[in-house]
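The values are calculated or read from the model by the stated rules, or taken from the named source; none is laboratory data. Remember, it's a predicted structure, so these values are computed and weren't measured experimentally. Every residue, glycine as well, gets a Cβ built from its backbone with ideal geometry; the counts of neighbours run over all protein chains shown. Accessible surface areas use protein heavy atoms only, side chains included; no ligands, DNA or RNA. Shrake-Rupley method; radii C 1.70, N 1.55, O 1.52, S 1.80 Å.
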Amino acid sequence: MHHFYSLATWSLDVTALSYGESVTFTQELPRSLSPSRLSDFQTCPRRYQYASIERIPQPASYASAKGRFAHYVFEQLFKLRADERTIERAREFVPSAVEAILTDDVRTDIAMDDAMMNRLLQETEEIITTYFQMEDPTSVTSEGVELRLGATVDGAPLFGILDRLDRDVDGSLTIVDYKTGGLPNRKYDSQTFANAELYAALCEAKLGEQPTKIRLMYVAKGESIERNVTDVVVKARSHSAASAWGKINRFYDDGDFPATPSVNACRFCSYKDLCRANGVAVPV
Ligand code: SF4
């Protein structure tokens, strides 16, 4: 569930820039909506415009690179037969993670030097060690790893890649999402599970079976948080995705996605300078 692009390959199509007036986009509307892009849209429609319509690349950060690095190692580990998923085998995937994730563009974006590389390798080793204290992967029955799920839900064409879908001993399905950052702030509790709850709707639509549980594994912190999946929540998430998709289509036809700046929305947004240049009052 982690995607980033590189500034090094950025070429901006200026004909599509919005300066607060309506424009006709030269790019097509994306054919599907992923949970993370939906979250962009719900945070700030203009961010969705920049990321998903104009496709202006967002540079990699150290945190995003580390996230992809750990996801790569876990993905390879779970491609092995259950009895082969040992900590030694997990460590063996680190060199291929360097090859696969730390491309020249990513290294340029994050200004990688030897010290940063050592830090990344050290933190990855800590994540692997911590993960093996959290669960024993040889006893996990996985129905899918990096599972690509696409389905139309309430008229919205949803698509996403799920970290892992487990079959528990009682026969039910659990959505597993790895998190390499810090534990969530309680204030944002309803948002913490939002993406995974939409994945539950996708699973139900695509596989005909609703997962019963979501487990977010904070592999850098050694803690998991879980929530049961209910029909009410799945319906509510599907409904809000469908409503967002309707708005996305309207804003696209209107040629403008409103900016909704706020401290929380803008803090981690890579489009701050672009927004300011376009007259948006982005908080400092
Ligand atoms: S900087 Fe703020 S207002 Fe601009 S796109 Fe990002 S979130 Fe929206």
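Tabulated data for the structure shown
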| read-out | value |
| --- | --- |
| Accessible surface, per residue, of region 62-138 when the full set of protein chains is kept, probe 1.4 Å, Å² | 50 |
| Accessible area, probe 1.4 Å, largest first, for residues Val232, Val106 | Val232, Val106 |
| Residues of region 27-60 with amide N under 19 Å of a point placed 7 Å along Cα→Cβ from Thr103 | 51-60 |
| Gyration tensor (Cα) of the chain, equivalent ellipsoid semi-axes in angstrom | 33, 25, 16 |
| Dimensionless Rg ratio for region 141-284, taking C-alpha atoms and the 2.2 N^0.38 Å reference | 1.21 |
| Over region 85-223: Rg over Rh, Cα atoms, Kirkwood Rh | 1.00 |
| Debye-sum result for region 10-155 in log10 I(q)/I(0), which assumes one identical scatterer on each alpha carbon, at q = 0.17, 0.18 Å⁻¹ | -1.08, -1.13 |
| Å² of accessible area per residue within region 219-268, as computed with a 1.4 Å probe and no ligands counted | 58 |
| The chain: DSSP helices with Cα axial extent of at least 27 Å and average Kyte-Doolittle hydropathy no lower than -1.0 | 114-134, 231-254 |
| Summed side-chain charge close to Thr230 - residues other than Thr230 whose Cβ falls under 13 Å, Lys, Arg +1, Asp, Glu -1 | +1 |
| Cα-based Kirkwood hydrodynamic radius, region 62-138, one decimal, Å | 12.9 |
| Largest to smallest accessible area among Phe74, Phe159, Phe93, Phe268 [probe 1.4 Å] | Phe268, Phe159, Phe93, Phe74 |
| Accessible area of region 141-284 belonging to carbon and sulfur atoms, whole % at 1.4 Å probe | 51 |
| Glu92-Asp231 FRET efficiency (beta carbon distance; Förster radius 35 Å; 0.05 resolution) | 0.25 |
| Ordering of 273-284, 169-180 by packing [mean C-beta count within 10 Å, highest first] | 169-180, 273-284 |
| Distance from region 184-263 to region 65-91 (C-alpha centre basis), Å | 26 |
